[in-house]
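K.L.:
The structure is given below, and queries will be raised subsequently.
The values are calculated or read from the model by the stated rules, or taken from the named source; none is laboratory data. Note that this is a predicted model, so its numbers are computed, not measured. Methodologically, a virtual Cβ is constructed for each residue, glycine included, from the backbone with ideal geometry; neighbour enumeration extends over all protein chains shown.
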């Protein structure tokens, strides 16, 4: 009994083990199937290799499962060898079956995967064909566009060439192309101006035409240009057909091969004028220096004899009064007056020339302040006179304050002088506006003048009043005019005999243009 | 009114010299007057050389009245050389001239002139000018001592 029970126990254990081995083999098979299936699923496109690999893997796994099941059967030892044997045979059978099934499943799996692969392959082929067609079409379009562009470029080139040819033919400046060796390759028709036909120029080296004294500098310039110096203008003398030389101003530049492209302009006249101008300036400077030394001499040398005339006349009056008598004393006083008047004339003329000679220093000027200062100066010099002076404040301008002060000294001096015969003398300074620019004026209610002679007013030594009426040298208004002109301005006057005068002036070119 | 300090009158024109003497006399300036007719003579006198080699080189004039336009060496050059020498560096020099040129005024002062007076044509004014400058430079003004004395 015990043996039977024992056999039965062994049997049961072996069965359980076998069952378990079977279950494990199935599970593994299932897993291998699932994996193979998944692998086939993933095998998209031309993935036949992957499917193949999946099949091999599944086979491998089955083999492994079989070996493991076998091993487990080996381990199931016991006295019921027959049963074990049987169980073993059954397990082997089951395994065989499982293997067949797995194989079938793999076979089944292979079908859809192959179809997918086929489909993917077909799709890929189609895509490739589309791409090929597209590429071909794009290539063809590009070819057409390139051909069109080539035609356009050829047309543009022809146009550019035409433009160049036209300008080359029309240019007043001389245009030429010369070889690196300095031979003319091409010359524009404008070289005719020098008397040459193009054949003659093209037959000889360029330097043949250059003035011998200018050859060295010309070569040096060519070298500088070839070395990449910027194409600034360069001048040399070029021999004409008739043997004369003309100054040409060249602008040239080489290409990478050393061919020189040049334009030349005849600057002979410009140079001549420049030289004349320089000569004229030298002459003017010389005259100016002479004027300066003349002024100096006038100041120094003419005044010295006047001082003697005046001084010794005074000495006569003082030392020999009794011998002179009344007439003699009167004549001596005339001599002195004349000497002093002449001294004043000289001083005024010097003042006038100083204005011409002096440099103009323009700055912002308080015109009203300068008018006040001049008015104060003249009032101090004539303390006995009472004149009503009204000066508009806040007038500004641009000018040379020293010269404007001279101008005011003269205008206020005149106004004081010509109101001298009135008790209610009145002087006014102010400004009006013309086109936004100030026009200054000095107005008085004095002796005035006849407008018929207004043209003479500003001339040197021109006087509209006799010396017995009003003293003066006739230089004051000429000085005023010169100050105004130095500033580029304008001066004019309005007057009425016995009803005063108004002097207008501007200090810039734009203001007060009638 | 004045002491016996010498006035060196550098003046080429004898008539101007005469007028200056007269003006000085009329204003009671009785200082001895030494006249130099040109720039060279003025420098010879001041530096005790040439025709003035025998002069006591340390006896400096109290005042120099200097014309600018002079034969040989002009007044500005005389002034320049005076100011370069220690012995005449502080000598009072009044430029007395006809010129009213800005350049002469500027040059005179920058070369160290003490005063610049323009000779008026009117003799009455001239006398007045001489009186004022004589009073100032010969009476009021105190001269720096000659170096080395």
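K.L.:
Quick check, is residue B:64 touching a helix residue (DSSP H, G or I) at 6+ places or on another chain (Cβ under 8 Å), within 28 Å of residue B:135 (Cβ to Cβ) and buried (at least 19 other Cβ atoms within 10 Å of the Cβ)?
P.N.:
Values: touching a helix residue (DSSP H, G or I) at 6+ places or on another chain (Cβ under 8 Å): yes; within 28 Å of residue B:135 (Cβ to Cβ): yes; buried (at least 19 other Cβ atoms within 10 Å of the Cβ): yes.
Criteria met by residue B:64.
K.L.:
With in contact (Cβ under 8 Å) with a residue 40 or more places away in the chain, surrounded by fewer than 19 Cβ atoms within 10 Å (Cβ to Cβ) and in contact with a strand residue (DSSP E or B) (Cβ under 9 Å, 6 or more places away or on another chain) as the only criterion, which of A:398, A:387 stands out?
P.N.:
Details: A:387 fails: surrounded by fewer than 19 Cβ atoms within 10 Å (Cβ to Cβ).
The match here is A:398.
K.L.:
Report yes if residue A:202 is touching a strand residue (DSSP E or B) at 6+ places or on another chain (Cβ under 9 Å), under 24 Å from residue A:272 (Cα atoms) and surrounded by 13 or more Cβ atoms within 10 Å (Cβ to Cβ), otherwise no.
P.N.:
Details: touching a strand residue (DSSP E or B) at 6+ places or on another chain (Cβ under 9 Å): yes; under 24 Å from residue A:272 (Cα atoms): no; surrounded by 13 or more Cβ atoms within 10 Å (Cβ to Cβ): yes.
No; evaluated as a whole, the condition is false for this residue.
K.L.:
Does residue A:359 count as within 14 Å of another protein chain (Cβ to nearest Cβ) and without any contact (Cβ under 8 Å) to a residue 24 or more places away in the chain? Outline the logic, then answer.
P.N.:
Numbers: within 14 Å of another protein chain (Cβ to nearest Cβ): yes; without any contact (Cβ under 8 Å) to a residue 24 or more places away in the chain: yes.
Here the answer is yes, as residue A:359 does meet what is asked.
K.L.:
Which strands (runs of 3 or more DSSP E) does the range B:1-86 wholly contain that include 2 or more residues that are away from chain A (no Cβ under 14 Å) and over 18 Å from residue B:108 (Cβ atoms)? Before the answer, list the steps.
P.N.:
On the way: elements: B:7-10, B:33-36, B:63-66.
The strands (runs of 3 or more DSSP E) meeting that bar are B:33-36.
Condition check ((1) under 30 Å from residue A:289 (Cβ atoms); (2) modelled with pLDDT of 90 or more) across all residues:
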position	(1), (2)
A:320	no, yes
A:331	no, yes
A:336	no, yes
A:346	yes, no
A:359	yes, no
A:367	no, yes
A:378	no, yes
A:386	no, no
A:389	no, yes
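K.L.:
Could I ask something else about it? Using the structure shown, decide if residue A:398 is closer than 21 Å to residue A:356 by Cα and assigned to a strand (DSSP E or B). Break it down stepwise before answering.
P.N.:
Values: closer than 21 Å to residue A:356 by Cα: yes; assigned to a strand (DSSP E or B): yes.
Yes; evaluated as a whole, the condition is true for this residue.
K.L.:
Within the range B:112-126, which residues are within 30 Å of residue B:84 (Cβ to Cβ) and assigned to a loop (DSSP other than H, G, I, E, B)?
P.N.:
Looking only at the range B:112-126, we keep the residues that are within 30 Å of residue B:84 (Cβ to Cβ), and these are B:112-119.
Listed by number, the residues that qualify are B:112, B:113, B:114, B:119.
K.L.:
While we're here: Which of the residues spanning the range B:116-137 are more than 14 Å from chain A (Cβ to nearest Cβ) and surrounded by fewer than 16 Cβ atoms within 10 Å (Cβ to Cβ)?
P.N.:
Listed by number, the residues that qualify are B:132, B:136.
K.L.:
Anything in the range B:103-115 that is surrounded by 15 or more Cβ atoms within 10 Å (Cβ to Cβ) and either facing chain A (nearest Cβ under 9 Å) or out of contact with any strand residue (DSSP E or B) (no Cβ under 7 Å at 6 or more places or on another chain) (or both)? List them, or say none.
P.N.:
B:104, B:107, B:111, B:112
K.L.:
Identify the residue in the range B:91-111 that is assigned to a helix (DSSP H, G or I) and farther than 24 Å from residue B:141 by Cβ and, among all such residues, is modelled with the lowest pLDDT. Full working, then the answer.
P.N.:
Taking the range B:91-111 as the starting set, the residues that turn out to be assigned to a helix (DSSP H, G or I) are B:102-110.
With the extra rule that they be farther than 24 Å from residue B:141 by Cβ, the set shrinks to B:102-103.
Numbers: B:102: 81, B:103: 84.
Result: B:102.
K.L.:
Would you check if residue A:316 is within 14 Å of chain B (Cβ to nearest Cβ), within 30 Å of residue B:98 (Cα to Cα) and more than 46 Å from the chain's Cα centre (by Cα)?
P.N.:
On the way: within 14 Å of chain B (Cβ to nearest Cβ): yes; within 30 Å of residue B:98 (Cα to Cα): yes; more than 46 Å from the chain's Cα centre (by Cα): yes.
Considered against the rule, which asks whether it is within 14 Å of chain B (Cβ to nearest Cβ), within 30 Å of residue B:98 (Cα to Cα) and more than 46 Å from the chain's Cα centre (by Cα), residue A:316 comes out as yes.
K.L.:
Here is a follow-up. Check B:80, B:72 and return the single one that is surrounded by fewer than 17 Cβ atoms within 10 Å (Cβ to Cβ) and touching a helix residue (DSSP H, G or I) at 6+ places or on another chain (Cβ under 6 Å).
P.N.:
Working: B:80 fails: touching a helix residue (DSSP H, G or I) at 6+ places or on another chain (Cβ under 6 Å).
After ruling out the rest, the residue left standing is B:72.
K.L.:
Mind checking which residues of the range A:338-356 are more than 46 Å from the chain's Cα centre (by Cα) and facing another protein chain (nearest Cβ under 10 Å)?
P.N.:
Selection gives A:339, A:340, A:341, A:342, A:343, A:344, A:346, A:347, A:350, A:351.
K.L.:
Please determine, by comparing only the residues of the range A:224-265 that are touching a residue at least 60 places away in the same chain (Cβ under 8 Å) and not in a strand (DSSP E or B), which one is surrounded by the fewest Cβ atoms within 10 Å (Cβ to Cβ). It would help to see each step written out before you state the result.
P.N.:
Just the residues of the range A:224-265 that are touching a residue at least 60 places away in the same chain (Cβ under 8 Å), to begin with: A:248, A:254, A:257-265.
Within this subset, residues satisfying the condition of being not in a strand (DSSP E or B) are A:257-259.
Values: A:257: 7, A:258: 13, A:259: 14.
That would be A:257.
K.L.:
For the range A:251-303, enumerate the residues that are in contact with a helix residue (DSSP H, G or I) (Cβ under 8 Å, 6 or more places away or on another chain) and more than 30 Å from residue B:74 (Cβ to Cβ).
P.N.:
At the first step, the residues of the range A:251-303 found to be in contact with a helix residue (DSSP H, G or I) (Cβ under 8 Å, 6 or more places away or on another chain) are A:252-254, A:258, A:260, A:266, A:288, A:291-292, A:295, A:298-299, A:302-303.
Answer for the range A:251-303, where residues must be in contact with a helix residue (DSSP H, G or I) (Cβ under 8 Å, 6 or more places away or on another chain) and more than 30 Å from residue B:74 (Cβ to Cβ): A:252, A:253, A:254, A:258, A:260, A:266.
K.L.:
Out of curiosity, is residue A:219 away from every other protein chain (no Cβ under 14 Å) and at pLDDT 90 or above?
P.N.:
Numbers: away from every other protein chain (no Cβ under 14 Å): yes; at pLDDT 90 or above: no.
When the stated conditions are applied, residue A:219 does not pass them.
K.L.:
Can you pull out the residues in the range B:41-56 that are surrounded by fewer than 18 Cβ atoms within 10 Å (Cβ to Cβ) and under 16 Å from the mean Cα position of the chain (by Cα)?
P.N.:
Scanning the range B:41-56 gives B:44, B:47.
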